[in-house]
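Accompanying notes for the structure given below.
The values are calculated or read from the model by the stated rules, or taken from the named source; none is laboratory data. It should be emphasised that the depicted structure is a prediction, and the values quoted were computed from it without experimental measurement. Cβ placement follows ideal geometry from the backbone for every residue including glycine, while neighbour counts extend to all protein chains displayed. Protein only, heavy atoms only, side chains kept; ligands, DNA and RNA dropped before computing areas. Shrake-Rupley method; radii C 1.70, N 1.55, O 1.52, S 1.80 Å.
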Amino acid sequence: MKKDIEITKPILTVNKWKFIVWLFIVTIIMFFAAFTSAYLVRRAEGNWTEFEIPTIFYYSTAVLLISSVFMHLGFKAAQKDNFGSLKVYISVTFVAGVIFLIMQYFGWTILQKEGVFLKGNPAESFYYILTGLHGFHLITGLVVLFFSFLEAFKMNIHSKNLIRIEVCATYWHFLDILWVYLLLFLVFFR
């Protein structure tokens with residue numbers, strides 16, 4: 001009698017939170033690709049005023065990159081169940097994110113003092129829209145970070161439960177990369 005051997009294939013699964021964050025990231029990439037494409041098309045039509053980007057935007061970039069380093073350190077601390085360091089690193093990341101937004105606001109006020117406004121020349125409008133949309137997404141990143149912060153203080157983030165911090169770190173690093181892309185784009189295609 002011949003036995004039927006059942007061969008089972010492993011079921012491939014993806015964590016729903018990882019899937020959601022990556023879907024959100026892809027959506028944001030498409031969104032900003034559309035806006036930067038529209039920027040280039042509109043720029044080619046003319047009626048484009050060039051203006052200097054205030055230095056504070058470069059400093060805010062450094063702050064955001066530093067926040068990304070602390071986010072990475074927080075993830076590493078969670079992997080090692082180093083709860084004290086995890087709390088500190090998440091706190092520093094959050095504060096740096098808030099400082100970045102404050103610096104962006106001051107950058108906008110500098111632009112307005114120099115006569116660069118949201119309404120007016122398309123170059124100026126695009127600058128505010130692109131930086132403002134990134135700021136909005138950074139606020140969503142701060143919300144995700146805040147919930148990770150709460151979970152870290154409840155000790156719900158640890159080496160056996162890294163999904164929250166991993167999703168948070170992925171999104172935060174993406175926002176940092178997105179900002180660097182936007183700044184370089186706006187500097188080189190003024």
Counting all C-alpha pairs of the chain, share separated by more than 32 Å (%): 29 percent
Toy charge model, Lys and Arg Cβ at +1, Asp and Glu Cβ at -1: the stretch 60-190 dipole around Cα centroid in debye, rounded to 20, equals 200 debye
Just to be sure I follow the definition: excluding the sites themselves, where is the longest run in the chain that has none of the GluC sites (Glu not before Pro) in a DSSP loop with at most 14 other Cβ atoms within 10 Å? 115-190
Given charges at Cβ of Lys, Arg, Asp, Glu: the stretch 3-91 dipole, positive-most of Phe19, Thr49, Phe31: Phe19
If one builds a Gaussian network model of the chain from Cα atoms under 10 Å apart, the most fluctuating residue listed among Ala38, Ala77, Ala96 is Ala38
Taking a probe of 1.4 Å and leaving out DNA, RNA and ligands, the stretch 24-76 shows per residue an accessible area in Å² of 56 Å²
In the chain, taking the dipole from +1 charges on Lys and Arg beta carbons and -1 charges on Asp and Glu beta carbons about the Cα centre, the listed residue (Ile110, His173, Pro10) farthest towards the positive end is Pro10
Taking springs between alpha-carbon atoms closer than 10 angstrom, which of Thr61, Thr170, Thr13 fluctuates most in the Gaussian network model of the chain? Thr13
Of Lys18/Lys87; Lys9/Lys87; Lys9/Lys154; Lys9/Lys160; Lys16/Lys154, which ones are farther than 32 Å apart at the Cα? Lys9/Lys87; Lys9/Lys154
Order by accessible surface, 1.4 Å probe, largest leading, for residues Met30, Met71 comes to Met30, Met71
In the stretch 60-117, carbon and sulfur make up what percent of the accessible area (probe 1.4 Å)? 72 percent
Please sort by residue number the trypsin sites (Lys or Arg not before Pro) in the stretch 118-178 whose DSSP state is loop and whose Cβ has at most 14 other Cβ atoms within 10 Å. Lys119, Lys154, Lys160
Could you run the Debye sum over the Cα atoms of the stretch 8-73, one equal point scatterer each and no solvent, and tell me log10 of I(q)/I(0) at q = 0.12, 0.19, 0.26, 0.29 Å⁻¹, two decimals? -0.65, -1.05, -1.07, -1.07
Cα centroids of the stretch 117-139 and the stretch 31-98: how far apart, whole angstrom? 15 Å
Once the dipole of the chain is set up with Lys and Arg at +1 and Asp and Glu at -1 on Cβ about the Cα centre, which of Leu133, Phe146, Phe83 lies farthest towards its positive end? Phe83
Among the Cα-Cα pairs of the stretch 54-148, the proportion with separation greater than 17 Å, in percent, is 55 percent
